[in-house]
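Let me begin by presenting the structure, written as structure tokens, before commenting on it.
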Ligand code: ADP
């Protein structure tokens, strides 16, 4: 019997800002097919962990191994190409373009295609756009401009833009903030589906939503790992109740 190697292995990850350790000696292992949710009080270091993995912030110490590549030594652009997608809280979609065009230009060769947008679209790109649009519940909105989408639909569109690049690791920062109840349920369904064959790493505060998606929960406090395990185990952990869930 052989244990699958984690897709992502973070070891001893540390970053200091003027001597303040925002992330402090963190170990984190993510498997394929997993939705990992990171929780913890404000300032715990959650966003900084995602920033370190995607190369936006540089580590002071530690390693981030992603399929054998050390991300701490790579440029942000190369980290994207290696298969890491990051969704920020505010969607960076193009409001004046249609859903189709937004997805199309996110295809790996799409930026080249974009210049020739009004000429010929390859069947391959069209098929991929349609497949992703279906996944993100926007099949009926392909030819609508993005500015007319609801807040939740815009969030899905940005997830779709990341899916166009078929990332192996997808990271999302509070994906359901501002969404309606039904949009939250659809997003839970979407994230679970996306995690098949991939790893998904989510920062989330909404405990009902965390329960509905998490394979495992990681709790951060003052840059350090406070607890890790199933939602039930973490929720009944006295340390977690004290610093986070108790108030
Ligand atoms: P969380 O996402 O858990 O709320 P953050 O990762 O945003 O926490 O922040 C962790 C701590 O690191 C906070 O105290 C924050 O002020 C600090 N911090 C984050 N980024 C920087 C930075 N670029 N410079 C200085 N301090 C930072």
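Looking only at the stretch 114-149, filter to residues that are outside any helix (DSSP H, G or I) and at pLDDT 95 or above; which one of those is farthest from residue 181 (Cα to Cα)? Going through the qualifying residues, I end up with 143. Would you please name the residue that is modelled with the lowest pLDDT, looking only at residues in the stretch 1-16 that are surrounded by 14 or more Cβ atoms within 10 Å (Cβ to Cβ) and assigned to a loop (DSSP other than H, G, I, E, B)? Out of the qualifying residues, it is 6. Residues in the stretch 31-49: is at least one within 16 Å of the ligand (Cβ to nearest atom), over 24 Å from residue 210 (Cβ atoms), at pLDDT 95 or above and not assigned by TED's automatic domain parsing to the domain that holds residue 143? No: the stretch 31-49 contains no residue that is within 16 Å of the ligand (Cβ to nearest atom), over 24 Å from residue 210 (Cβ atoms), at pLDDT 95 or above and not assigned by TED's automatic domain parsing to the domain that holds residue 143. Checking the stretch 52-68 against the condition returns no match, with no residue being under 15 Å from the mean Cα position of the chain (by Cα), more than 16 Å from the ligand (Cβ to nearest atom) and not in a strand (DSSP E or B). Among the candidates 178, 229, the residue that is surrounded by fewer than 20 Cβ atoms within 10 Å (Cβ to Cβ), at positive phi, touching a helix residue (DSSP H, G or I) at 6+ places or on another chain (Cβ under 7 Å) and without any contact (Cβ under 8 Å) to a residue 60 or more places away in the chain is uniquely 178. Of all residues in the stretch 17-30, those that are more than 9 Å from the ligand (Cβ to nearest atom) and at pLDDT 95 or above total 7.
The values are calculated or read from the model by the stated rules, or taken from the named source; none is laboratory data. What you see is a predicted model; the values in this text were computed from it and never measured. Because the Cβ atoms are built from the backbone with ideal geometry, glycine has one as well, and the counts that use them run over all protein chains shown.
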